[in-house]
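Undergrad: Sharing a structure below in structure tokens format, with a few things to ask.
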Amino acid sequence: MEFGIFENQLSHLNQPFTRILGFRRSPDVILRMEMERSMSLFQYGFNCLKMMVNEGLVPSTEEEMKRRNAIDKLKKIVVEWVKTVTYQRGLPKKYLKFASGTILTYGSYGLGVYNSESDIDALCVGPYFATIAEDFFIVLHNMLASRPEVSEIHCVKDAKVPLMRFKFDGISIDLPYARLKVISIPENVDVFNPFFLKNIDDTSWKSLSGVRANRSILHLVPNIEIFQAVLRCIKFWAKRRGVYGNLLGFFGGIHLAVLSAFICQRHPSASLSALILLFFKTFGLWPWPTPVILQETIARPFIPTDKVSWMPIQLPCSPYEFCHSNITRSTFYKIRTEFLRGHMLTKDMLRPDFDWNILFEPFPYARRYGLFVKIFLSACDKDELGDWVGWIKSRFRSLLVKLEELLGFCDPNPTEYVDTDALEPNVIFYWGLPTGRSDLIDADLVEEYFLKSIDNGYQGATGKMKLSIVKANQLPNKAQSAFERKNTKPCWRVVDDNRKKTNPQSKYSKPHCADEYLPTNDSPEYPSAGG
């Protein structure tokens, strides 16, 4: 069930929770009111589930089986790959019998909170003699590329965690690599066993951190179903309120997973609605930058002052690692404001007229800001655009910090929009700026600054980019309404080959812009360890 809430679970509400809420009513009255509020969220959950199913955001049984089959096939390919490398290396024949590798899933798929549009984060684990440069990025890459199920395969070697990105039976998969100092890798290898972790290289350690974090979280939460329900609600809230997207300075999936687990761990008997209330109360009033530490048994780490982030969240698998964060002054303010908004709304959850829909209302960008920086990205085809947008997004933090220096504040709307009338595939971002300060910013100079930060290191086909400042009343009508649209789907224009094409444009020239825009939710992202 989508929100994992059952009527018998509501009876877990106990007296300590009534003290948290500050009521002195009888436990029976509080329990009855809490059950009513939980059923209110339960009913909203049904409506939300219906919407998600209609929009393809919740995987069907067939889609779940498709993902399982894809992982099973990928495991067999990896085992075959290890055997091939063993033979090519000229290792003793006895190694052929025992040498093996495996696939471990993590991220939203590993936590059981994925949807039909989600990528699969899958870690390839191989033996010590299978190198990343030659065997992973060349031998395994060629084996995958030759398979009919595999398409759009790319090697992303310059990411914090190097990986291959491809589609397997139409499912997007991110595949990093970890090499262990053994010959045979068990199918479900224990990633906490010191025997397997001894003397591994730094890249392998970073690649393993996602799997280790996932498994730590699932081990530490008292009720996995309730945790999954809380995390689904919080991710839904974060996406609606524009605070989801690590590359744009907001939370990524691992951040929200740790925060949700933190609440579930400390209130093991609370129901879903109580946990949602406690989530916003806890983090709305949290004394940042005090770190959020999920596992109590891990000593509070020492963080050098030059390493302190705005909202440090410790990875539960290590006392020395934190979730990778791109949070800036502006995005910290936005996240904190949304936490406080959630707290102000949910503290009245015991009112008879409490409406859960208000909590999940989309953030009203078009009403909130008078100015926007428009970032127009385009490329010759969808594959090139995906790589180009992924690279630009991986450098967005420098642009965000620059805009903060000039204007004091910027709200990078994570939603991506598409000009369906443009000749080339494109993605457009609109970031909110303070009203009445357009005289403090020169878009051309900001663009020139940003180009310097993105020109160095990119190995793919370079696309086009144009920055401009637009007023709220200059936004296309459909873009204005899409800012507050609750359900959005990706939309790409299919270019007619018979259509007359315009002359080629210069590298960073401004593409044709039309008034028709539609939002799209998903795009490639360059990953980062623990991000």
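The values are calculated or read from the model by the stated rules, or taken from the named source; none is laboratory data. All values derive from a computational prediction rather than experimental measurement. Using ideal geometry, Cβ is built from the backbone for each residue, glycine included, and neighbour counts are taken over all protein chains shown. Heavy atoms of the whole protein, side chains included, go into the accessibility calculation; ligands, DNA and RNA do not. Shrake-Rupley method; radii C 1.70, N 1.55, O 1.52, S 1.80 Å.
Undergrad: Does any residue of segment 100-119 turn out to be of a type in the set (D, E, K, R) and either more than 27 Å from K66 (Cβ to Cβ) or buried (at least 22 other Cβ atoms within 10 Å of the Cβ) (or both)? Write out each step before concluding.
TA: Filtering segment 100-119 down to residues of a type in the set (D, E, K, R) leaves 117, 119.
Still in the list and also either more than 27 Å from K66 (Cβ to Cβ) or buried (at least 22 other Cβ atoms within 10 Å of the Cβ) (or both): none.
Scanning segment 100-119, I find no residue that is of a type in the set (D, E, K, R) and either more than 27 Å from K66 (Cβ to Cβ) or buried (at least 22 other Cβ atoms within 10 Å of the Cβ) (or both), so the answer is no.
Undergrad: Would you pick out the residues in segment 313-327 that are part of a loop (DSSP other than H, G, I, E, B) and either aliphatic (A, V, I, L, M) or within 19 Å of Q265 (Cα to Cα) (or both)?
TA: The first filter runs over segment 313-327 and keeps only residues part of a loop (DSSP other than H, G, I, E, B), leaving 315-321, 323-327.
Within segment 313-327, L315, P316, C317, S318, P319, C323, I327 qualify.
Undergrad: Looking at D202, D190, which one is free of Cβ contacts under 8 Å to residues at least 60 places away in the same chain and over 24 Å from the mean Cα position of the chain (by Cα)? Walk me through it before giving the result.
TA: Numbers: D202 fails: over 24 Å from the mean Cα position of the chain (by Cα).
So the residue among D202, D190 that is free of Cβ contacts under 8 Å to residues at least 60 places away in the same chain and over 24 Å from the mean Cα position of the chain (by Cα) is D190.
Undergrad: Which residues, counting only those in segment 442-464, are surrounded by 15 or more Cβ atoms within 10 Å (Cβ to Cβ) and over 13 Å from L399 (Cα atoms)?
TA: Correct list: Y458, G460, T462, G463, K464.
Undergrad: Next question. Among the residues of segment 135-147, is there at least one that is open to solvent by less than 20 Å² (accessible area, probe 1.4 Å), farther than 25 Å from A461 by Cβ and part of a loop (DSSP other than H, G, I, E, B)?
TA: No; the residues of segment 135-147 include none that is open to solvent by less than 20 Å² (accessible area, probe 1.4 Å), farther than 25 Å from A461 by Cβ and part of a loop (DSSP other than H, G, I, E, B).
Undergrad: Further, regarding this structure: Residues that are of a type outside the set (D, E, K, R) and closer than 17 Å to V470 by Cα: find the helices (runs of 4 or more DSSP H) completely inside segment 328-441 holding 2 or more of those.
TA: Numbers: elements: 329-346, 356-359, 365-368, 382-394, 396-407.
Per the criteria, 365-368, 396-407.
Undergrad: I would also like to ask the following. Can you name the residue in segment 271-312 that is small (G, A, S) and farther than 21 Å from S216 by Cα and is also modelled with the highest pLDDT among such residues? Write out each step before concluding.
TA: In the first step, residues of segment 271-312 are kept if they are small (G, A, S); the result is 271, 273-274, 284, 299, 309.
If we keep only those that are farther than 21 Å from S216 by Cα too, we end up with 271, 273-274, 284, 309.
On the way: S271: 85, S273: 83, A274: 88, G284: 96, S309: 82.
Residue satisfying both the conditions and the ranking: G284.
Undergrad: Okay, next question. Look at R179 and say whether it is among the basic types (K, R), within 29 Å of K94 (Cα to Cα) and open to solvent by 50 Å² or more (accessible area, probe 1.4 Å). Working first, answer last.
TA: Working: among the basic types (K, R): yes; within 29 Å of K94 (Cα to Cα): yes; open to solvent by 50 Å² or more (accessible area, probe 1.4 Å): yes.
So R179 fits the description; yes.
Undergrad: Among the residues of segment 363-393, which ones are within 13 Å of E424 (Cβ to Cβ) and aliphatic (A, V, I, L, M)?
TA: L377, A379, L385, V389
Undergrad: Taking the criterion of being at pLDDT 85 or above, over 19 Å from the mean Cα position of the chain (by Cα) and under 24 Å from A238 (Cα atoms), would at least one residue in segment 384-399 satisfy it?
TA: Yes, segment 384-399 contains at least one residue that is at pLDDT 85 or above, over 19 Å from the mean Cα position of the chain (by Cα) and under 24 Å from A238 (Cα atoms).
Undergrad: Looking only at segment 219-242, filter to residues that are outside any loop (DSSP other than H, G, I, E, B) and open to solvent by 50 Å² or more (accessible area, probe 1.4 Å); which one of those is nearest to D411 (Cα to Cα)? Steps first, please.
TA: In the first step, residues of segment 219-242 are kept if they are outside any loop (DSSP other than H, G, I, E, B); the result is 219-220, 224-240.
Okay, now just the ones that are also open to solvent by 50 Å² or more (accessible area, probe 1.4 Å), so 219, 224-225, 239.
Numbers: H219: 36, I224: 34, E225: 34, K239: 14 Å.
The residue in question is K239.
Undergrad: Keeping to segment 337-362, report how many residues are within 15 Å of F236 (Cβ to Cβ), at pLDDT below 90 and surrounded by fewer than 21 Cβ atoms within 10 Å (Cβ to Cβ).
TA: Summing the residues that are within 15 Å of F236 (Cβ to Cβ), at pLDDT below 90 and surrounded by fewer than 21 Cβ atoms within 10 Å (Cβ to Cβ) in segment 337-362 gives 3.
Undergrad: Can you name the number of the only condition in (1) at pLDDT below 95; (2) crowded, with 16+ Cβ neighbours inside 10 Å; (3) not in a helix (DSSP H, G or I) that P186 fails?
TA: (2)
Undergrad: Another question, if that's okay. Are there any pairs with C-beta distances below 6 angstrom linking a residue in segment 279-296 that is charged (D, E, K, R) to a residue that is open to solvent by less than 40 Å² (accessible area, probe 1.4 Å), with the two at least 6 apart or on different chains, and if so which?
TA: K281/H343
Undergrad: Report, by residue number, each residue of segment 71-103 that is small (G, A, S), touching a residue at least 60 places away in the same chain (Cβ under 8 Å) and out of contact with any Cys (no Cβ under 7 Å at 6 or more places or on another chain). So that I can check it myself, show each step before the final result.
TA: At the first step, the residues of segment 71-103 found to be small (G, A, S) are 90, 99-101.
Filter again for touching a residue at least 60 places away in the same chain (Cβ under 8 Å), leaving 99-101.
Scanning segment 71-103 gives A99, S100.
Undergrad: From the list L377, L406, L399, exactly one residue is hydrophobic (A, V, I, L, M, F, W, C), open to solvent by 10 Å² or more (accessible area, probe 1.4 Å) and under 18 Å from D444 (Cβ atoms). Which is it?
TA: Details: L377 fails: open to solvent by 10 Å² or more (accessible area, probe 1.4 Å); L399 fails: open to solvent by 10 Å² or more (accessible area, probe 1.4 Å).
Step by step, each of L377, L406, L399 is checked, and only L406 is hydrophobic (A, V, I, L, M, F, W, C), open to solvent by 10 Å² or more (accessible area, probe 1.4 Å) and under 18 Å from D444 (Cβ atoms).
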